[in-house]
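The values are calculated or read from the model by the stated rules, or taken from the named source; none is laboratory data. Everything numeric here is computed off the predicted structure, so don't read it as measured data. Quick reminder, even Gly has a Cβ in these numbers, built from the backbone with ideal geometry, and neighbours come from all protein chains shown. Heavy atoms of the whole protein, side chains included, go into the accessibility calculation; ligands, DNA and RNA do not. Shrake-Rupley method; radii C 1.70, N 1.55, O 1.52, S 1.80 Å.
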Amino acid sequence: MTLPPHAPDAPVQPIFELIEVEQVFEVPKPGRPLFSRETVGLRALDGVRLSIRKGTSLAIVGESGSGKSTLLRVLLGLDKPSGGRALYRGKPIGEARARGTGFARDVAMVYQDARGSLDPRMTIGAIIAEPLRHFNIVPREGEAARIAQLLDRVGLPADAAERFPSGLSGGQVRRVAIARALASEPSVLVADEAVSGLDVSTQAQLLTLLQSLQRDMGLTLAFITHDLGVASYLCEEIAIMYLGRIVETGPTDAVLKAPVHPYSAALRAAAPQFFEPLSEPLPGEIPSPLDLPKGCRFSTRCPVAQSDCQSKDPQLGKLGSGRAVACIHPITQA
Amino acid sequence: MTERMTDMALPPVLTLRDLTVHRGAAKILDRVNLSLGQGETLALVGESGAGKSTIAVAIMRLLGTAKVAGTIELAGEGDLLALTERQMVKLRGQRLSMIFQDAGAALNPSYTVGRQLSTTLRRTQGLSTAEARKRAIELFTSVGINDPEGRMSAFPHQLSGGMQQRVMVAIALAGSPDLLLADEPTSALDVTIQAQIVRLILTLTRERGASCIFVLHDLALASQSCDRIAVLYAGQVVESGPAHDVLEHHRHPYTQQLKSCVLEIGTKTLTAPEGTVPSHAQMPPGCRFSTRCPRALPRCAGEAPPLVPLRATAAGPLDHHIACWNPE
Ligand SMILES: Nc1ncnc2c1ncn2[C@@H]1O[C@H](COP(=O)(O)OP(=O)(O)OP(=O)(O)O)[C@@H](O)[C@H]1O
Ligand SMILES: Nc1ncnc2c1ncn2[C@@H]1O[C@H](COP(=O)(O)OP(=O)(O)OP(=O)(O)O)[C@@H](O)[C@H]1O
Ligand code: SF4
Ligand SMILES: [Mg+2]
Ligand SMILES: [Mg+2]
């Protein structure tokens, strides 16, 4: 049930809105004979509904391979979804992107593979100068100072500007990627694992920086992370994904305090805790996205699954207090 | 994982003595001293850029043009730095193996992941093509790759980041190494699969009494999975010892700083430390943390504090050590 865009009581238009978004990749059919070109569809996103309000911060967490990066690629307009609608300020993202530099300047991205996203033949200074020039952010004479300022913001020494990506450690490369993303002074930052692989004190520097940009300048954040502590510190809202679907959303604190989807609960329980034994793995095999389980796609591993879970496919339904869950037997608070 | 498997009478499996690495004029590692007992798991933690990967890659002797000094002693082989490249080629994948930090970059983009794993199996285990394929599917299953048969024919770019990482784990375990170097093997994985992979690595290494070095950033995960911890800052070991001592009774100001930045679920206030690591050109000759240390004394910047045991009497190489002139 979507409101018409100009209804008088329409809520503020979200920055991003995904409506029943699907992304299907054609992949080689398992076991196909050599030289055969037979393919099957892999549903990396399957009926994803999500809206991101201006100035909010959203954490996207979930199973590896559940479609988080694919979702960000759709948000950025890098991939056109194979089904559903993906809107940026009410317009299809593809159109917004094609219409010139506005979108590209407004929406910045930090890629999961930070090293792969930087040109190895360019110095760090040149890498950061690129968006500065492309979007005319500073006059040429102010460029060097701005680069130094951006490097300092992400905790790199000024002389890093003369180095090449190959001369930097994994964490340093990640900081360069963040500095480049901030260079265009975006109003939306979409970040894929932007702080994973950093030591906790550098992470603290970046997270406090992002939080102040978010609070003071109204930066909208969509932040993929595996670290629930990071999600809880930085993001007001959380979306938890499993096998191409969002299975639970809501305010981060409430969701992490009392998750209602059994997968969210498993994720919550697996977060590392000092000197506790490592958590028990979820039972069962991780299903193949090429051969999705019938009914609820978590049913093959769900500790509270009942017989109807194998036949009914639960949709994301509202719970109140801004929360929603896709589960037939959600966990009720004890 | 609190039981210590170390028999103090056994000599360490691996001992680094004054390991120093230069790249050009930059001293990337500065007199690193570390030991690892048989069957033990050691976590290397610390500042990004501190040299954790450099230590692991130095042990593999894959540092290329960097200048390496000191010794890297592996039980039964002597100083690895004295071996010929041919001898090293034999050790890699068999006695030593490594899971590299950038899984995406470590995999060859033009071969299927199945082929990359089978090749390793044929080379290190002498398996036939058919045997290697069968074993590869088993290994993919054991690291939690769904549809392992189908994924044999996938190219790296067709896999999610987390799946690429699991492929790397499978390749590293293929040769059943005595010492596994795992450079952030789970940074890209969700926490349920992280726990599964760390368990898997620990089970597979412990089953054969193998030792393991983990490079990690998550101190809570280190406490759950490692017997000992070494904390690095700018190329120096600043504190090392049993996990509990280092995490709960740490004495070095940098370890204290790290601990204060740990985010747990529900943490809402975070005070980020000031400043950054000095560039190599501006590195103080003494304690490298002195430019940011709240407890620094006048002598700290000029005189390097040695890594010494906290309890001087009868201290072994595996006990709690610290390098600081003014510990907490
Ligand atoms: N270009 C592609 N071709 C074929 N399959 C793809 C492609 N990109 C992604 N996939 C598949 O789509 C699914 C979702 O992948 P995606 O990278 O979005 O996961 P993710 O949630 O970001 O995982 P991770 O946490 O491991 O990074 C996976 O099964 C992946 O193998
Ligand atoms: N190929 C190289 N050439 C020159 N300097 C390098 C090279 N590789 C790494 N360095 C430098 O060596 C230092 C140590 O790097 P290393 O990769 O070992 O750090 P790390 O502790 O693993 O960091 P991270 O946690 O970020 O992965 C860093 O200052 C880095 O800039
Ligand atoms: S030696 Fe000095 S500067 Fe270094 S950590 Fe100790 S007190 Fe701080
Ligand atoms: Mg991803
Ligand atoms: Mg590293």
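Which GluC sites (Glu not before Pro) in the range B:214-272 sit in a loop by DSSP (not H, G, I, E or B) and have at most 10 other Cβ atoms within 10 Å of their own Cβ?
In loop regions of the range B:214-272 (DSSP not H, G, I, E or B), there are no sparsely surrounded GluC sites (Glu not before Pro).
Quick one: of the DSSP bridges fully inside chain B, what percent are antiparallel, nearest 5? Mind showing how you got there, number by number?
Working: 26 of 45 bridges.
Close to 60 percent.
By how many degrees, between 0 and 90 and to the nearest 10, does the Cα long axis of helix A:140-153 differ from the longest principal axis of chain A?
Helix A:140-153 and the main axis of chain A meet at about 50 degrees.
Using a Gaussian network model on chain A with a 10 Å cutoff between Cα atoms, which of A:Ile224, A:Ile60, A:Ile52 fluctuates the most?
A:Ile52
So for chain B, averaging the separation of alpha carbon pairs under 8 Å that are six or more residues apart and normalising by length, what relative contact order in percent results?
Details: 602 pairs, mean separation 64.7, N = 328.
It rounds to 20 percent for chain B.
Expressed as a whole number of Å, what is the distance separating the alpha-carbon centroids of the range B:30-75 and the range B:83-135?
With the range B:83-135 and the range B:30-75 each reduced to a Cα centre, they are spaced 21 Å.
Can you give the angle from 0 to 90° between the axis of helix B:161-173 and the longest principal axis of chain B, with both taken from C-alpha atoms, to the nearest 10?
Between helix and principal axis, roughly 80 degrees.
If you line up the long axis of helix A:170-183 against the longest principal axis of chain A, both from Cα atoms, how many degrees apart are they, to the nearest 10?
Once rounded, one gets 80 degrees.
Could you please state how large a percent of the accessible area of the range B:251-328 is carbon and sulfur, counting protein chains only and using a 1.4 Å probe? Provide the component values of the computation, followed by the final result.
Details: 2110 of 4000 Å².
Ligands and nucleic acids excluded, carbon and sulfur give 53 percent.
Which of the listed residues, A:Leu234, B:Leu310, A:Ile19, is farthest toward the dipole's positive end in the protein assembly as shown, when Lys, Arg count +1 and Asp, Glu count -1 at the beta-carbon?
It is A:Ile19.
Assuming a strict under-19 Å limit between Cα atoms, what lysine pair count do you get for chain A once near-sequence pairs (fewer than 8 apart, same chain) are dropped? Present the calculation step by step, with values, prior to reporting the outcome.
Working: A:Lys54/A:Lys91; A:Lys68/A:Lys80; A:Lys80/A:Lys91; A:Lys257/A:Lys318; A:Lys294/A:Lys312.
Value for chain A: 5.
Any residues in the range A:58-72 that have 40 Å² or more less accessible area with all protein chains than in their chain alone, probe 1.4 Å, and which are they?
In the range A:58-72, residues shielded by partner chains: A:Ser64.
Given only helices, namely DSSP H runs of n ≥ 4 each adding -39500 (n - 2.57), what is the per-residue ellipticity at 222 nm of the protein assembly as shown, to the nearest 500 deg cm²/dmol? Display every interim value, and only then the final one.
On the way: 21 runs with 200 residues, N = 662.
My calculation for the protein assembly as shown gives -8500 deg cm²/dmol from helical runs alone.
To the nearest 20 debye, what charge dipole does the range B:251-328 have about its Cα centre, counting +1 at the Cβ of each Lys and Arg and -1 at the Cβ of each Asp and Glu?
Working: 8 positive and 5 negative charges, 16 e Å.
The dipole of the range B:251-328 has a size of about 80 debye.
Obtain the nm distance between the two label points defined at A:Glu141 and B:Leu81 by a simple spin-label model: each point lies 7 Å from its Cα along the Cα-to-C-beta direction.
Those two pseudo-labels are separated by 5.2 nm.
For chain B, set up a GNM with springs between Cα atoms under 10 Å and report which of B:Val191, B:Val237, B:Val308 has the largest fluctuation.
Highest fluctuation of the listed residues: B:Val191.
Report the semi-axes of the equivalent ellipsoid for chain A in whole Å, largest first, where each axis is √(5λ) for an eigenvalue λ of the Cα gyration tensor. Before the final figure, lay out the partial values.
Values: eigenvalues 241, 104, 99 Å².
The equivalent ellipsoid of chain A has semi-axes of 35, 23, 22 Å.
Given charges of +1 on the Cβ of Lys and Arg and -1 on the Cβ of Asp and Glu, with all other atoms neutral, how large is the dipole of the range B:1-153 about its Cα centre, in debye to the nearest 20? It would help to have the intermediate numbers written out before the result.
Numbers: 19 positive and 15 negative charges, 114 e Å.
For this selection, approximately 540 debye.
List every residue whose amide H lies under 5 Å from the amide H of B:Ile28, counting only residues 5 or more places away in sequence or on a different chain, with H placed 1.01 Å from N in the peptide plane.
Sorted by chain and number, the residues that satisfy this are B:Val21, B:His22, B:Arg23.
List every residue whose amide H lies under 5 Å from the amide H of A:Val260, counting only residues 5 or more places away in sequence or on a different chain, with H placed 1.01 Å from N in the peptide plane.
HN-HN under 5 Å from A:Val260: empty list.
Could you report the buried accessible area between B and A, both sides summed, computed with a 1.4 Å probe and given in Å² to the nearest 100?
Numbers: alone 15360 and 17320 Å², together 27710 Å².
Accessible area lost upon association: around 5000 Å².
Residues of the range B:36-84 with accessible area at least 10 Å² lower in the all-protein-chain context than alone (1.4 Å probe)?
Checking the loss per residue gives B:Glu47, B:Ser48, B:Gly49.
Considering only protein heavy atoms and a probe of 1.4 Å, how much of the accessible area of chain A is carbon and sulfur, as a whole percent?
Roughly 53 percent, rounded to a whole number.
B:Lys90: which lysines have alpha carbons under 26 Å from its alpha carbon, excluding same-chain residues fewer than 8 sequence positions away?
B:Lys52, B:Lys67, B:Lys134
Compute accessible area for the range A:199-242 by itself and then with all protein chains, 1.4 Å probe, and report residues whose area falls by 30 Å² or more.
Residues meeting the cut-off: A:Asp199, A:Val200, A:Ser201, A:Ala204, A:Gln205, A:Thr208, A:His226, A:Gly229, A:Ser232, A:Tyr233.
Ordered by residue, what ³J(HN,Hα) values in Hz, to whole numbers, does the range A:323-328 give under the Karplus form 6.51 cos²θ - 1.76 cosθ + 1.60, where θ = phi - 60° and Gly and Pro are x?
Here the 3J(HN,Hα) series is 9, 8, 9, 10, 7, 7 Hz.
Per residue, what volume in Å³ does the convex hull of the Cα atoms of the protein assembly as shown enclose?
Normalising the Cα hull of the protein assembly as shown by residue number yields 171 Å³.
Taking only the Cα atoms of the range B:251-328, how large is their convex hull per residue, in Å³? Kindly include the intermediate steps, with their values, before the conclusion.
Details: hull volume 10.1 nm³, N = 78.
Hull volume over Cα atoms, normalised by residue count, gives 130 Å³.
Which one of A:Gln273, A:Gln112, A:Gln203 has the biggest mean-square fluctuation once chain A is modelled by GNM with Cα springs under 10 Å?
Of A:Gln273, A:Gln112, A:Gln203, the Gaussian network model singles out A:Gln273 as fluctuating most.
Antiparallel versus total DSSP beta bridges in the protein assembly as shown: what percent is that, nearest 5?
Details: 55 of 92 bridges.
In the protein assembly as shown, DSSP labels about 60 percent of beta bridges as antiparallel.
Averaged per residue, what accessible area in Å² does the range B:251-328 show with a 1.4 Å probe, protein chains only? Kindly include the intermediate steps, with their values, before the conclusion.
Values: 4000 Å² over 78 residues.
Accessible surface, normalised per residue, equals 51 Å².
With +1 on each Lys and Arg Cβ and -1 on each Asp and Glu Cβ, how big is the dipole of the protein assembly as shown about its Cα centre, in debye rounded to the nearest 20? Present the calculation step by step, with values, prior to reporting the outcome.
On the way: 68 positive and 65 negative charges, 242 e Å.
In total the dipole reaches around 1160 debye.
Calculate the translational D of chain B in whole µm² s⁻¹ from Stokes-Einstein, where the hydrodynamic radius comes from the Kirkwood formula applied to all Cα pairs, the temperature is 20 °C and the viscosity 1.002 mPa s. Each step should come with its number before you reach the end.
Numbers: Rh = 20.7 Å.
The diffusion coefficient I find is 104 µm²/s.
Compare the Cα positions of B:Ser260, B:Gly46, A:Gly167 along the charge dipole of the protein assembly as shown (+1 at Cβ of Lys, Arg; -1 at Cβ of Asp, Glu; about the Cα centre) and return the one farthest towards the positive end.
A:Gly167
Under a 1.4 Å probe, what is the accessible area of chain A per residue, stated in Å²? Could you put the intermediate results ahead of the total?
Numbers: 14830 Å² over 334 residues.
Accessible area per residue, chain A: 44 Å².
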